[in-house]
Structures are given as structure tokens and as C-alpha cells.
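What follows is a set of notes on a single structure, which appears directly below.
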Ligand code: 2M8
């Protein structure tokens, strides 16, 4: 009996490691073969966090590979294109043309960014095996790059509020979140043919953003590309302050403080910056919804919708309204709706879609972040239940990209790397 109980986690671990092994290219892990065949920024950070328990050197390499593609202005690109992979993802490297830009230092990358989880991931990777980390001088090597990345955000993306704005929905990582609907509706429809959609060969169209959304994504991407990714545009067409992006930035500043202490460098600057980001997040707290919401940096308007992004600040030590957010996570809009995992969007919203990407389904990385927040606030049983459910739904269904939050049925692509990484962390 005892052996049978122990065999299940071992088998789950084995399956997760096996998948991550298949998605490993020798230098980095692809989010999923087929749908996402290159290196993605925040995916790699989650992969490193899961992998650190089993292969700390590979976890370090994952982050080092990504950071090697950092631009001279400090940005860490959303996608690092693998030149050996056939042209099956859109937009492709040629679309962005980064290799013609001096700042990209010859690398084929997207011009956009993704949530700044890397300093936090690097710190977690270090703590999993400090000896091997010190021997490889891992933190010494990544620290200057991580600092430059945060400098980029502060210098180029803070429009005066103390928060970093995303200039494209892809930068939030929650591409078609309802938080972006109104801002996207202001953009022109893209004229001409609809953009290429190779993603639809790998996932059901009903579970991916629509052609209309893709038209606007491409319009925005072209706009940014035609300015060579210059953030100096006084009137950008899209600039949104996302609660999860900024909460994760604060968490990463806290991790940079810990990293600086480990390296014998001054840490106060990072502690102060983390506190400043948390303070700047305060106006985004919505007392009625009990969650943080997004703000349109162009109009100053709050987008009063409850999404999983608005729960993420509760995962950051020192977040001011963490208690209220935890209550909201347990309430009818999220887990109190009877959901097995944390839905990406308000369960009481009339436009919730249980199968559509970031408009309802549960994702493993965000559920894991919320589970961490629940544990931090004493809800150990609920956090443990979420962990068990994540392992069961991931391993039993070939590591889906996302699932129906209520019945657990799989959606999106399968063999998805961060789903496996989260499983490894839950089982560690
Ligand atoms: C999804 O986003 C990409 C664009 O970056 C796409 O839809 O093609 C998002 O879920 C994002 O958070 C994730 O990093 C990426 C790769 O897994 O896929």
C-alpha cells in the first residue's frame, strides 16, 4: 500500500521529466513541439523553476540561454527564434527583422518582452543547489543581465506611474485576456488578408484567439516593429499596466535583493524598488472585486474585471491587499465557484468561456502562483488540494496547455512544458 502510494508521485515525476527531456533542444526547452517551437521568455523561467529540483545545471542553462539573447538596451525578448526550426510559427523571425538591429546584437528575436520572472527564477534555481550554483558562478554571471533587464523596464516602460506598461497583449503572457478588450477595440482592423495562423494546425480554433484578435495583434506588432522596438513613442497605440506583470517584477526585485546579498553587493536599492513597485500597484486594487485590475496607461482608466492576473500580487511578500485578494481567490469568482483549479477569468462574468485560452480556462503556472499565495496566508489544505489536482490533471492528460477549470478536461496543445515544470515543483 505504502509502495503504491509512493509509486504515483515517482511515476508523475518520471513523466514530467520525460516530457521536458523531449522538449529540450540541448540549449533550451520549447514550450511545446509544433505550436511553440522556439524559446519563450517566461516559459523558460517556469521550466527552470521546475527543473531545478532534478537538474540544476540544465535549469541554469535554460536561463543563461535566454539571457544570452538579451538586447544591448537590456530587454529580454519574448521569443528567441531557433534558426534550425522550420518556419512554422507566426510571426516568424523575418517578420521582426531583429538581426538588422544593432541593439539585438545579431540575434533573431521578437522585439517584445514578457513578464519579468527571471530574477526570481534564477534565485530559486540557485537555492535548489547553492553549491553547484556557486561553483558555476551562476548568480555572478546572470546578475548584471537581470539588473539591466529591470533597468530597461524602469527606463523605457514606466510612463510615470512607477509601473511598467506592456505595449502588446503578447507581452502580458495572457494574450486574449478580457483586460485588453477595450484598448484593442480602439485599434484599426488590419486591412487586407488575415495574418497567417499556423497555430490552428496545432490547437482547436475555438480555443485560440480569433482572426479578428490576430489582426489587431499583427497591426500592433507591425507598428512596434516599424519603429524598431523604440519605446520613445509619446503616443503608443497600446500601453497597459498589468497587475501580474508588475507583481512579478516586484517579486523579482526582491529576488535581486537576495541575490545581491549572496554576492556581497548592496541590496537596499532592490528592496526599495520592490517596495516602490508594490506601492505603485495600490491604485490598481479594486475593493469591490477584491482583486487588482489593469490600468490603461494612455487614458488612466482602470479595467474593472477580475482575472487571475489580479490575484498574482497576493503571491508577493508585502503586497498590501493580499488578505482581500486571498479571500477573492477563495470566493465565488474563482475557487468558490466549485472550480478544481483557478479559472483565468471571473466565474460570474457573463462572457466567461470555459475553453477559450485566457478567458476562462485554468492554467498551471497561474494556479501554482495562486496556490503559493494561499499557502503563504495559511490556507495549506486548499493549496495542497490544488497541487494534487494539478498533478492529476497534468499527468493523466499528457500535460495540457490549459484545462476547463471545473471539469478538468484538457484544452490547447499537449506536451506543454510549464505544465510539467509545475508538476515537478509540486512534487518536490
Ligand atoms: C502564448 O502566447 C503566444 C505568444 O507569445 C501565442 O499565443 O502564440 C501565451 O500563453 C504565453 O503566455 C506563452 O508564453 C506562449 C508560449 O507558451 O504562448
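Any read-out appearing in this document is the output of simple, stated calculations on the displayed coordinates, not a laboratory observation. Every value quoted in this text rests on a predicted model; they were computed, and no experiment measured them. Here the Cβ positions follow ideal geometry from the backbone for every residue, glycine too, while neighbour counts run over all protein chains shown.
Please report, in cubic angstrom per residue, the volume enclosed by the convex hull of the alpha-carbon atoms of the stretch 209-266.
Values: hull volume 8.4 nm³, N = 58.
With only Cα atoms used, the stretch 209-266 gives 144 Å³ per residue.
Ranked from highest to lowest mean number of other Cβ atoms within 10 Å per residue, what is the order of the peptides 43-52, 99-108, 136-145? Walk me through the numbers before you get to the answer.
Values: 43-52: 28.6, 99-108: 15.1, 136-145: 17.3.
So the order, starting with the most tightly packed, is 43-52, 136-145, 99-108.
Going 7 Å from the Cα of residue 204 along its beta-carbon direction, which residues of the stretch 373-405 have the amide nitrogen within less than 11 Å of the resulting point?
The answer is 404.
Measure out, as a whole number of angstrom, how far apart the alpha-carbon centroids of the stretch 295-341 and the stretch 103-120 sit.
Centre-to-centre (Cα) distance: 27 Å.
Mean 1/r over all different Cα pairs, inverted: what Kirkwood radius does the chain give, in Å?
Over the chain, the inverse of the mean reciprocal pair distance is 21.5 Å.
With each pseudo-label sitting 7 Å past Cα toward Cβ, what's the residue 230-residue 134 distance in nm, one decimal?
Going by the 7 Å Cα→Cβ label model, 4.8 nm.
Among 321-327, 70-76, 86-92, 243-249, how do they line up from the highest to the lowest mean number of other beta-carbon atoms within 10 Å?
243-249, 70-76, 321-327, 86-92
Give me the percent relative contact order of the stretch 147-249, please, defined on Cα pairs under 8 angstrom at least 6 residues apart.
Relative contact order of the stretch 147-249: 41 percent.
Could you give the length gained on full extension between residue 73 and residue 25, defined as 0.36 nm per residue of separation minus the Cα-Cα distance, in nm? Don't skip to the answer; put the middle values down first.
Details: separation 48, 0.36 × 48 = 17.28 nm, distance 2.73 nm.
Length difference between fully extended and current span is 14.6 nm.
Please compute the modelled spin-label separation between residue 397 and residue 222, points set 7 Å along Cα→Cβ, answer in nm with one decimal.
3.7
How big is the Rg/Rh ratio for the stretch 165-292, C-alpha atoms only, Rh by Kirkwood, two decimals?
1.07
Once you place label points 7 Å from the Cα toward the Cβ at residue 320 and residue 428, how far apart are they in nm?
The answer from the label model is 3.2 nm.
For the chain, what's the relative contact order in percent, using C-alpha pairs closer than 8 Å and at least 6 residues apart?
Relative contact order, the chain: 17 percent.
Looking at the chain as a GNM with Cα springs under 10 Å, which of 66, 352, 263 has the largest mean-square fluctuation?
Per the Cα network of the chain with a 10 Å cutoff, 263 tops the list.
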